[in-house]
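The values are calculated or read from the model by the stated rules, or taken from the named source; none is laboratory data. These figures come from a predicted structure and were not determined experimentally. Don't worry about glycine lacking a Cβ; one is built from the backbone with ideal geometry, like all the others, and counts go over all protein chains shown. For accessibility, only protein heavy atoms count, side chains too; no ligands or nucleic acids. Shrake-Rupley method; radii C 1.70, N 1.55, O 1.52, S 1.80 Å.
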Amino acid sequence: MKKLLLLVLLIIITSCDEGDIVSTETIAEEITRGAVLRTQEYINNDYLITDVQSDFHVVIEEQDLEDGDLLDEVEVYIQYIGNTSVTEALSTQEVLYDVIPASDFYEGEFGLPRYELNISFQEALSFVDLQLSDVAVKDQFIYRLNLKLTDGRNFTTGTSSSIIIAYDTFYSSPFLYTINVVSPIDDTAYTGVYAVESILDGPGPDGETFVDCYTVEITKGRSNTTRQFYAWHWRYHRGIEQKRRWEFNVVGDEIVFGKNQLSSPEGYCSSTAPILLGPDTENGSADIVDDTVFELWFVEGYLNFDGGCGFNTAPSRYRFTKQ
C-alpha cells in the first residue's frame, strides 16, 4: 500500500478506536479510485465591500495514489451570484478563470504538491467585468476547482463523500469555495460566552443538534466576519471524540452558517458517509450594533448527506444569548 494510505491509517487509527475503521476504508477508497485537493490551509474566506484588496486565500494540496505524480493541472472556475434585487440581474455563468499546471505546484511538508491560491476582490471583479459599485453585501463569488490527472480522469464537485468534502477533516476537499461579500465588523462583535438554546418544536432529526451544550465561547475565525465555537453533534463518538469546531459568518444583516461542516467522523446511522451540515435557504438575522441575541439557522443532511439515517435534510435552529 502506498505511503499516503499508510499515513492516513496511522493518523486515524492511533487517534480513535476500531469503530473508525469503516471511515478509514472509505477514505482509502477515495484515494485508490481517484484524487483529492486537500484544503491544507484556509486563510481568508470573505471579500470586504470596503477593501478591493481583500482576498480569497487558500493553500491546497493534491493527493493521489502515486503521491502527486498523477497531477496534470487544476482548472479554476469563477461565478458571481448577485443576491439582492438590484444585483441579481448581474449574476454570471461559471467561466474558466485560470489553469494551474503541475509545474506551478511546490513540494509541501509531506512531499505532496501544494499551491497557494490567492484571488483579490479586485481581480475577481475585473474578471467578471464588474465594478465595486455594481455589487452589494450578501453577493457571492463561487470558485470551483477541477483536478485533472495525467491518466485523463477529472475530479471536482459531486465526486466524493461527505467525509472528504467537509472542512476540518483529514482531507477537507470540497473542490468548491463560496466567498461572501461582507461589511467589516468589529473584531469583538459576536464573540464571548453565549447561552445556547434550540428553538424548534421538533429539533433536528434525532433531538437537538448540539448535545451536552448549554453555553459556548464564540471567537473570531479565519476572517473579519467569521465566528466559531466548539460543541458535540448528537452523533459524536462518546468518550473518544473532542468537540468539533462550528463556523458561521456575519454577512450584513444575516448570520450565515458555513457550508460542508461534518457531524463527526463517526456521525452516521447505517452508512460510511457521515452527516453533513450546511446553511438553510433562509438565515437568522444579525445586528452589527447589538450582538446580545442572535439565531443560527442551518440544516442537517446538507447536500443530502444524512449518514444513512433516513431524514434526508432536516432544519435546525438555535438561539444564542450573550452572558
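Per the conditions (1) open to solvent by 10 Å² or more (accessible area, probe 1.4 Å); (2) out of contact with any strand residue (DSSP E or B) (no Cβ under 8 Å at 6 or more places or on another chain); (3) modelled with pLDDT under 95, the sole criterion not satisfied by T84 is (3). On inspection, F121 passes the criterion of being over 14 Å from the mean Cα position of the chain (by Cα), buried (at least 22 other Cβ atoms within 10 Å of the Cβ) and within 25 Å of L90 (Cα to Cα). Here N146 clears all of (1) part of a strand (DSSP E or B); (2) open to solvent by 60 Å² or more (accessible area, probe 1.4 Å) except the condition numbered (2).
I'd like to verify a number: residues in the stretch 154-183 that are at pLDDT 90 or above, in a loop (DSSP other than H, G, I, E, B) and open to solvent by 30 Å² or more (accessible area, probe 1.4 Å), how many? The number of residues fulfilling the criteria is 2.
If only residues of the stretch 10-69 that are open to solvent by 50 Å² or more (accessible area, probe 1.4 Å) and acidic (D, E) are counted, the one that is modelled with the highest pLDDT is D51. Can we say D187 is charged (D, E, K, R), assigned to a loop (DSSP other than H, G, I, E, B), open to solvent by 20 Å² or more (accessible area, probe 1.4 Å) and in contact (Cβ under 8 Å) with a residue 24 or more places away in the chain? It is true that D187 is charged (D, E, K, R), assigned to a loop (DSSP other than H, G, I, E, B), open to solvent by 20 Å² or more (accessible area, probe 1.4 Å) and in contact (Cβ under 8 Å) with a residue 24 or more places away in the chain.
Collect the residues in the stretch 234-261 that are in contact (Cβ under 8 Å) with a residue 40 or more places away in the chain, under 18 Å from I218 (Cβ atoms) and not polar (S, T, N, Q), keeping them in residue-number order. R244, R245, E247, F248, V250, V251, E254, I255, V256, F257, G258 - these are the residues of the stretch 234-261 that are in contact (Cβ under 8 Å) with a residue 40 or more places away in the chain, under 18 Å from I218 (Cβ atoms) and not polar (S, T, N, Q). Of everything in the stretch 124-143 that is in contact with a strand residue (DSSP E or B) (Cβ under 8 Å, 6 or more places away or on another chain) and not in a loop (DSSP other than H, G, I, E, B), the residue that is nearest to V76 (Cα to Cα) is Y143. Within the stretch 31-88, the only residue that satisfies the criterion of being in a helix (DSSP H, G or I) and among the basic types (K, R) is R33. One residue alone among E61, E41, E66 is more than 17 Å from the chain's Cα centre (by Cα) and either under 15 Å from F110 (Cβ atoms) or touching a residue at least 60 places away in the same chain (Cβ under 8 Å) (or both), and that residue is E66. Taking the stretch 303-315 as the range and being surrounded by fewer than 22 Cβ atoms within 10 Å (Cβ to Cβ) and of a type outside the set (V, I, T) as the test, the residues that pass are L303, N304, G308, C309, G310, F311, N312, A314, P315. In the stretch 213-266, the qualifying residues are those that are assigned to a strand (DSSP E or B) and over 22 Å from P174 (Cβ atoms), and the one that is most open to solvent (accessible area, probe 1.4 Å) is E217. Would you confirm whether or not the stretch 105-122 contains a residue that is out of contact with any Phe, Trp or Tyr (no Cβ under 6 Å at 6 or more places or on another chain), under 22 Å from G258 (Cα atoms) and in a loop (DSSP other than H, G, I, E, B)? Checked the stretch 105-122: no residue is out of contact with any Phe, Trp or Tyr (no Cβ under 6 Å at 6 or more places or on another chain), under 22 Å from G258 (Cα atoms) and in a loop (DSSP other than H, G, I, E, B).
Look at the stretch 262-278: where a residue is within 13 Å of Y236 (Cα to Cα) and a partner is in a strand (DSSP E or B) and open to solvent by less than 10 Å² (accessible area, probe 1.4 Å), sitting 6+ places away or on another chain with Cβ atoms under 6 Å, you get S263/H233; S263/I275; S264/H233; G267/H233; G267/I275; P274/L262; I275/E300.
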